[in-house]
Amino acid sequence: LSNTSQLFLDNVVVSDDHRLPDGVGLRAPLSCLTQARYGIAWGAIGAARASYEEALDYAQQRVAFGQPLAAKQIIQERLADMLTELTKMQMMAFRLGRLKDEGKMTYAHVSMAKRNNVRKALEIARAARTILGAYGITLGHQAMRHAANLETVDTYEGTYDIHTLILGREITGHGAF
């Protein structure tokens, strides 16, 4: 699991030359938030891929009832679903990167990618944990570690529900906050 900490600043003085320029307002910190969410959309792919690869490797090597787990229909279905979602995540992030390069990326695009990729990565990590069986609940395996970390990632920089509301407002023009 990732380490967390708190930082408290008391009686801190910030000189004028270190403050945000006039007229920028919330645009600067919100831009940072958008960039952080952009990175999260990509980072979730790494967690999903590591979980998928661990599950695939385990399923190929683990023998049950005289066959590798990978020979079982339910395992093949889970692996196929995991790879399909992983590929969709990659395609979304790739498209988002193109939009960013073209200067056309919006906060709504980023919300969609963060919302989707983190949730799907979490589903992939959970599926990997299931394929790993009892081994899947130990922190010695990537899938469990990634699942725990993704639970956190699903919360910070805006929860799934917050991104749903952001997208809903973008789609309908009505804020439901």
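The values are calculated or read from the model by the stated rules, or taken from the named source; none is laboratory data. Computed from a prediction, not measured in an experiment: that's the story for all the values here. Because the Cβ atoms are built from the backbone with ideal geometry, glycine has one as well, and the counts that use them run over all protein chains shown.
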Quiz prompt | Only one of Tyr58, Tyr107, Tyr52 that is at pLDDT below 95 and either in contact with a Ser or Thr (Cβ under 6 Å, 6 or more places away or on another chain) or at negative phi (or both) | solution = Tyr107
Quiz item: Would a scan of region 85-98 turn up a residue that is under 18 Å from Ile45 (Cβ atoms), of a type in the set (Asp, Glu) and touching a helix residue (DSSP H, G or I) at 6+ places or on another chain (Cβ under 7 Å)?
Solution: yes
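Condition check ((1) within 20 Å of the chain's Cα centre (by Cα); (2) of a type outside the set (Ser, Thr, Tyr)) across all residues:
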position: Tyr135; (1), (2): no, no
position: Gln142; (1), (2): yes, yes
position: Glu151; (1), (2): yes, yes
position: Asp154; (1), (2): yes, yes
position: His163; (1), (2): yes, yes
position: Leu167; (1), (2): yes, yes
position: Ile171; (1), (2): no, yes
